[in-house]
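Visitor: Quick one: structure below, then a few questions.
Please treat every number below as a calculation from the coordinates, not as lab data. Since we're looking at a predicted model, the values are computed, not measured. Quick reminder, even Gly has a Cβ in these numbers, built from the backbone with ideal geometry, and neighbours come from all protein chains shown.
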Amino acid sequence: MTGKRVLITGGGGFVGSHLAVGYAALGHAVTALDLAFDAQTSARLADCTQVESALSPLTLRSLPESYDLIIHAAAMTTRGDTIPGGDLADIKTNIDMLIDCLDYAIETKAATFVFLSSSGVFAAGDGDQVVTEQTPASATFAYAVAKRSGELVLASTAGQGCRLITARLGPIYGPYEEVRPSRTKLSLVRKWLNEAQQGSTIPSLETPDARRDWTFVGDLAPALDAVLQAGEADLLVHLGSGLIVTDRELANAIAALFDRPVAVTERSGSAAGVKAPMVSLRNIPFDWTPLDTGLRKILATETCP
């Protein structure tokens, strides 16, 4: 993949911006497209071409060049009751953006198109102890419906000359995670880091026995690059570390980062409503960042106390 032209939609977001930085570091010429880039993100993407515009067919067709690889990371993750139009508008926004990007990829003869989906397509009760690429997905809230519909769109479009990859992401953590209009909730890692940095307690441990697979955001670009270099065409892959910890283990690992005592306060709560962690049946040739290392990278990168 060295020296390829890469377009990343949603390039100003948490995942998208790290993908853009990661692909630029791998030696690719990266264009990041987003509705807005804040000052900090824009500075981090200094080695990328930044296009600040709404994602639309007009915007895509006005881009100054075609691309070898298009990664569609743009998404509205806000629940439907917080935006005008509710769930239906939420679903429509996500599907329209995907179809516009996919049309553009096929029209401009991009070699590869990657759609970032989510483990959110799964509901609690799907799978057994884990969910894999072969586990039927049954979640029905708006974001899950939009992502699952996008997966089906890609499956129905295969064979039109563009290699199509659906990459599902599970829980992601890393530096520079903040809320924005399209992503109004922080991960548990960010939430608990904030609590530990601001006080002496992590007080919000509600499901201590819940098991989740955590992936360091800086791993996404090189791991995806490894998947693409493996050469398989038109596939669905769970792009994640498969490193599973309980919420209790995660909170204790965060507390251990600090030289001062940080207490972990558990509330009574059941993990029954938490979906099973995600693993991949595919052999991704990549060494994932261990949780402790990733947590320390956040503190080092952000120069937190």
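Visitor: Once phi is turned into ³J(HN,Hα) by the Karplus curve 6.51 cos²θ - 1.76 cosθ + 1.60 with θ = phi - 60°, what whole-Hz value does each residue of segment 230-235 show in order, with x for glycine and proline?
Guide: For segment 230-235, the Karplus curve yields 5, x, 5, 9, 6, 10 Hz.
Visitor: How long are the semi-axes of the ellipsoid equivalent to segment 1-151, from square roots of 5 times the Cα gyration tensor eigenvalues, in whole Å, largest first?
Guide: 27, 18, 16
Visitor: May I ask you to give the average projected area over all directions of the convex hull of the Cα atoms of segment 145-249, in nm² rounded to one decimal?
Guide: Result: 8.7 nm².
Visitor: Along the Cα-to-Cβ line of T184, 7 Å from the Cα, sits a label point; which residues in segment 38-78 have backbone N less than 17 Å from it?
Guide: 75-78
Visitor: To continue, here is another question. Just the number, please: percent antiparallel of the DSSP beta bridges in the chain, rounded to the nearest 5.
Guide: Percentage antiparallel, nearest 5: 10.
Visitor: Right, next: Tabulate in residue order the Karplus-calculated ³J(HN,Hα) for segment 184-200, using 6.51 cos²θ - 1.76 cosθ + 1.60 with θ = phi - 60°, rounded to whole Hz; enter x for Gly and Pro.
Guide: 8, 10, 8, 5, 4, 4, 5, 4, 6, 4, 4, 5, 5, 6, 8, x, 10
Visitor: As a test of understanding, state the convex hull volume per residue of the chain from its alpha carbons, in Å³.
Guide: 129
Visitor: Considering only DSSP states other than H, G, I, E and B, which GluC sites (Glu not before Pro) in segment 210-305 qualify as loop sites with at most 14 other Cβ atoms within 10 Å?
Guide: Answer by residue number: E232.
Visitor: Taking a spot 7 Å from the Cα of R282 along the direction of its beta carbon, which residues of segment 12-28 have an amide N less than 16 Å from it?
Guide: In segment 12-28, the label zone of R282 (backbone N under 16 Å from the point 7 Å along Cα→Cβ) covers no residue.
Visitor: Put a dot 7 Å past each Cα toward the Cβ at S156 and T108; how far apart are the dots in nm?
Guide: According to this spin-label approximation, the distance is 2.5 nm.
Visitor: Same structure, new question: Give me the net charge for the shell around T41: Cβ to Cβ below 12 angstrom, other residues only, Lys and Arg +1, Asp and Glu -1.
Guide: Combined, the nearby Lys, Arg, Asp and Glu give -3.
Visitor: Cut-off is 10 Å between beta-carbons; in what order do L243, L154, L98, L58 appear when sorted fewest neighbours first?
Guide: Neighbour counts put them in this order, fewest first: L58, L243, L154, L98.
Visitor: Spelling out what I want: for every residue of segment 58-63, take phi, set θ = phi - 60°, compute 6.51 cos²θ - 1.76 cosθ + 1.60 (Karplus), and round to whole Hz; glycine and proline get x.
Guide: So the Karplus estimates, Gly and Pro as x, are 5, 4, 4, 6, 8, 5 Hz.
Visitor: Sticking with this one: Return the distance in nm (one decimal) between the two label points of a simple spin-label model at S138 and A272, each offset 7 Å from Cα along Cα→Cβ.
Guide: That separation, rounded to one decimal, is 1.5 nm.
Visitor: While we're looking at this one, here's another question. Over the chain, with a Gaussian network built from C-alpha contacts below 10 Å, which listed residue (L102, L220, L281) shows the highest mean-square fluctuation?
Guide: It is L281.
Visitor: Using modelled backbone amide H atoms (1.01 Å from N, in-plane), which distant-in-sequence or interchain residues come within less than 5 Å of L7's amide H?
Guide: Answer set, sorted by chain and number: T31, L69, I70, I71.
Visitor: Put a dot 7 Å past each Cα toward the Cβ at E206 and N252; how far apart are the dots in nm?
Guide: Each label point lies 7 Å from its Cα, and together they span 2.3 nm.
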